[in-house]
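Trainee: My questions all concern the structure below.
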Amino acid sequence: MKEKKNIEIFNRELLAKYLSNEVNSLEKLEVETWISQSAENREELEQSRKMLDNIDAFYKAERFDSEVAWNKIRAKINPAQLTVIKRKSIGKEVISRFYKYAAIIVFAVLLGSAGFYIGFRNKVTEVYSEIISPENQVVNEYILPDGSVVALNSNSKLVFPKHFKGDTREVTLYGEAFFEVKPNAEKPFIITAGNAQVKVVGTSFNVSAYPGNETVEVVVTTGKVQVTNKNAEALADANLVYLIPGEKGTLFTKSSILEKSQNSNLNYLAWKTRDFTFNDIPLNEVFQCLEKTYHVKIQVTEPKLNDLKLNAQFDKKPIDFILNVVGLTFNLELSVDNEQYTFSSHKNN
C-alpha cells in the first residue's frame with residue numbers, strides 16, 4: 001500500500017557545511033540544486049561565503065577564548081544535532097579543526113534564527129529541499145508544504161521550497177510525476193520541467209520530463225492546465241497551450257515546437273496505478289509499457305512477434321501474471337532469467 005509522506009527539510013547546517021567542504025556527495029547535490037535555482041541564490045551563496053569567512057577570522061583572533069566560546073555555542077544548539085568532537089592535547093591540528101566546526105555551528109545558528117539576513121539586505125533566504133526517487137523505486141506519494149500530493153516515478157527528482165512564499169507555488173521536476181494540486185486561485189502552482197512550464201490552480205495531471213528525452217509531455221486528468229515553452233527563441237503564437245481533461249501537451253525539445261492533441265495513450269498513468277488497457281496494441285508497445293512500470297526487460301526471439309496485437313485489460317496484476325496471459329493468448333513460450341523475460345514461438349513437434 002502506498003503511503004503519503006510529509007516532506008522534511010534538510011538540516012540548517014547544510015549550507016555552512018557546504019561552504020566548509022564538509023558535505024558528502026548527496027548533500028553537495030542538494031545544495032548545488034538550490035544554487036542552480038536562480039542568480040539570486042548564487043549571489044546569496046557568495047554573501048554567505050563572505051559571512052562565514054568573517055566568522056572564521058574572528059575565531060582565529062588572539063583574543064578568542066576557545067573554551068568559553070565553545071560552551072556558549074553548544075548551549076545554543078540542539079545537542080542531538082551536534083557531532084561530539086573529543087578534546088585532545090591542544091595542538092595546531094586540533095585548534096584548526098575546532099575553528100572549522102565552530103564557524104559552521106555559529107553560521108548554522110544564524111541560519112536558524114528568526115530570519116536569516118545577509119549583510120544589510122532585508123531578504124529572507126529560501127532553503128530548498130527535494131524528493132529523489134531512484135531507479136526501480138516503489139512508487140510513493142508525498143505531501144508538499146501546501147498540501148498538494150505528488151507521486152514520483154522511478155529515476156525522478158522534485159525540488160521545492162520549504163514554504164511557498166509570494167503569489168506562486170513553484171517546483172522543479174526532473175523525470176516523471178503525477179500531481180494532485182490543492183486548489184488556491186490566488187496562488188497558482190507552477191512546475192518547471194526542462195524547457196516547459198506548467199501552471200495550474202487546482203487539478204490533477206501527469207508530467208514526463210526526463211533529462212535527455214526528446215519531448216516533455218503533460219497529460220491532464222482533471223481541471224485545466226497551462227503549458228508554456230520557456231525557450232526565448234520560440235515563436236510567440238506557439239509559446240502557450242491550454243489543456244483540459246483528456247488532452248496532451250507535447251514540447252519537442254530540439255525544435256521548441258509545442259503541440260496540443262488528444263491523449264490516445266490509455267496507459268499514461270499505469271506506472272502509478274498498475275492498471276492497463278490494451279486495445280489492439282502491438283506487443284512491442286505493450287512490452288515498453290510493462291518495462292517502464294515493472295522495471296524488467298522483455299524481449300522476443302523473432303521480430304515478427306512484436307507485430308502481434310493484444311486486446312486485454314489488467315488491474316493491479318503482477319508482471320508474471322500479465323506475461324503468462326500474453327503467452328497463452330498467442331501460444332508463445334515464455335522463459336525467465338533474472339527479471340529478463342523472453343518470448344519465442346512454440347517449437348514444432
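Trainee: Could you go through region 264-269 in sequence order and give the Karplus-derived ³J(HN,Hα) for each residue, using 6.51 cos²θ - 1.76 cosθ + 1.60 with θ = phi - 60°, rounded to whole Hz, and x for Gly and Pro?
Mentor: Per-residue couplings from phi come out as 9, 8, 5, 10, 5, 10 Hz.
Trainee: With a ≥ b ≥ c the root eigenvalues of the C-alpha gyration tensor of region 213-339, is it rounded (a/c under 1.5), prolate (a/b larger than b/c) or oblate? Each step should come with its number before you reach the end.
Mentor: Details: a/c = 2.78, a/b = 2.17, b/c = 1.28.
It comes out prolate by the Cα gyration axes.
Trainee: What is the spin-label model distance, in nm, from I244 to Q288 if the labels are put 7 Å beyond Cα along the C-beta direction?
Mentor: About 2.9 nm, to one decimal.
Trainee: In Å and on Cα atoms, what radius of gyration and Dmax does region 285-349 show?
Mentor: Final numbers for Rg and Dmax: 11.4, 36 Å.
Trainee: If you don't mind, another one. If r is the Cβ-Cβ distance from V139 to D53 and R0 is 51 Å, what FRET efficiency results, to the nearest 0.05? Don't skip to the answer; put the middle values down first.
Mentor: Details: r = 45 Å, r/R0 = 0.87.
Efficiency, from the Cβ-Cβ distance: 0.70.
Trainee: Shifting gears a bit: Find which of A185, N229, A151 sits farthest along the positive direction of the dipole of region 127-264, computed with +1 on the beta-carbon of Lys and Arg, -1 on that of Asp and Glu, about the Cα centre.
Mentor: Comparing the listed Cα positions along the dipole, A185 ranks first.
Trainee: With equal scatterers on the alpha carbons only and no solvent term, can you work out the Debye log10 of I(q)/I(0) for region 155-290 at 0.12, 0.13, 0.16, 0.22 1/Å?
Mentor: These q points yield log10 I(q)/I(0) values of -0.48, -0.56, -0.85, -1.45.
Trainee: Determine ³J(HN,Hα), in whole Hz, for all residues of region 304-317 in sequence, where each value follows from phi through the Karplus function 6.51 cos²θ - 1.76 cosθ + 1.60 and θ = phi - 60°; x replaces Gly and Pro.
Mentor: Each residue of region 304-317 in turn: 4, 5, 5, 8, 5, 10, 9, 10, 6, 9, 10, 10, 6, 9 Hz.
Trainee: Whose amide H sits under 5 Å from the amide H of F189, counting only residues 5 or more places off or on another chain, with H placed in the peptide plane?
Mentor: R169, V200, V201
Trainee: Oh, and also: Any chance you could run the full-extension gain for K230 through K254? It's 0.36 nm times the residue separation minus the Cα-Cα distance, nm to one decimal.
Mentor: Working: separation 24, 0.36 × 24 = 8.64 nm, distance 1.29 nm.
Taking K230 through K254 to full extension adds about 7.4 nm, to one decimal.
Trainee: Next question. Extending each Cα 7 Å along its Cβ direction at L328 and E46, get the distance between those two points in nm, one decimal.
Mentor: 6.8
Each value in this text was obtained by applying a stated rule to the coordinates, not by laboratory testing. All figures in this text were calculated on a predicted structure; none of them were measured in a lab. All Cβ positions, glycine included, derive from the backbone under ideal geometry; neighbour counts span all protein chains shown.
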